[in-house]
1. Taking LEU77 and the conditions (1) out of contact with any Cys (no Cβ under 9 Å at 6 or more places or on another chain); (2) modelled with pLDDT of 95 or more, which numbered condition does it fall short on, given that it satisfies the others?
2. Considering only the stretch 28-44, I want to know if a residue exists there that is more than 24 Å from ARG141 (Cα to Cα) and either of a type in the set (Asp, Glu) or modelled with pLDDT of 95 or more (or both).
3. For the stretch 81-95, check the following and say yes or no: at least one residue is of a type outside the set (Lys, Arg), touching a Pro at 6+ places or on another chain (Cβ under 9 Å), outside the structural domain of CYS119 (by TED's automatic domain parsing) and touching a residue at least 12 places away in the same chain (Cβ under 8 Å).
4. Restricting the stretch 1-27 to residues that are within 15 Å of VAL116 (Cα to Cα) and surrounded by fewer than 16 Cβ atoms within 10 Å (Cβ to Cβ), which is modelled with the lowest pLDDT?
5. Please give the number of the condition VAL125 fails out of (1) at pLDDT below 95; (2) under 28 Å from ALA18 (Cβ atoms); (3) β-branched (Val, Ile, Thr).
6. Which numbered condition trips up PRO40, out of (1) exposed (fewer than 14 other Cβ atoms within 10 Å of the Cβ); (2) within 23 Å of ASP62 (Cα to Cα); (3) in contact with a Gly (Cβ under 9 Å, 6 or more places away or on another chain)?
7. Applying the selection to the stretch 81-113, what residues are among the aromatic types (Phe, Trp, Tyr) and more than 20 Å from ALA57 (Cα to Cα)?
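The values are calculated or read from the model by the stated rules, or taken from the named source; none is laboratory data. The shown structure was predicted, so the numbers you read here are calculated from the model rather than taken from an experiment. Here the Cβ positions follow ideal geometry from the backbone for every residue, glycine too, while neighbour counts run over all protein chains shown.
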Amino acid sequence: MTRVAYEIDGWGTGELWAQDDRLLHLEHPTPGGRAVGDHPLVPRLQAYFAGEKVSFADVAADLEWCTPFQRELATALRRVPWGSVVTYGELAALAGRPGAARAAGSFCALNRFAIVIPCHRVVGVSGIGGYGSLGLDYKRRLLALEGVEL
């Protein structure tokens, strides 16, 4: 397993864990930390956080911890295009289970693949929804990076 810290100008330092070509975990960059390593995904993350329209569709993510429905949620979420948002209910419907909005929200809360499985593109029916410990300002910043204003 490889653990790599990466730095994004204006965002901070994040970490990723990978084994061979499969992503195991990805943390958003936050202020603090300086140790930076090398991994093929780092330049793509830097380009994304610089505002470039980058696809991560080809990045293999370790979803062995997921239920079959959670895998469907991950697949559906990876299809939500740059600059678009869906509600938790819409995501559940895209994954084949209309009415499972809470399950979709729980999946997003457990998501350990940050930008690769873009939970920041999922919003609540009546507002932006949550974004865990990073908070709503971070989620708004990610959406603004993609041209979405809520």
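1. LEU77 satisfies all of (1) out of contact with any Cys (no Cβ under 9 Å at 6 or more places or on another chain); (2) modelled with pLDDT of 95 or more except (1).
2. yes
3. no
4. ASP21
5. (2)
6. The one condition PRO40 does not meet is (3).
7. TYR88 - this is the single residue of the stretch 81-113 that is among the aromatic types (Phe, Trp, Tyr) and more than 20 Å from ALA57 (Cα to Cα).
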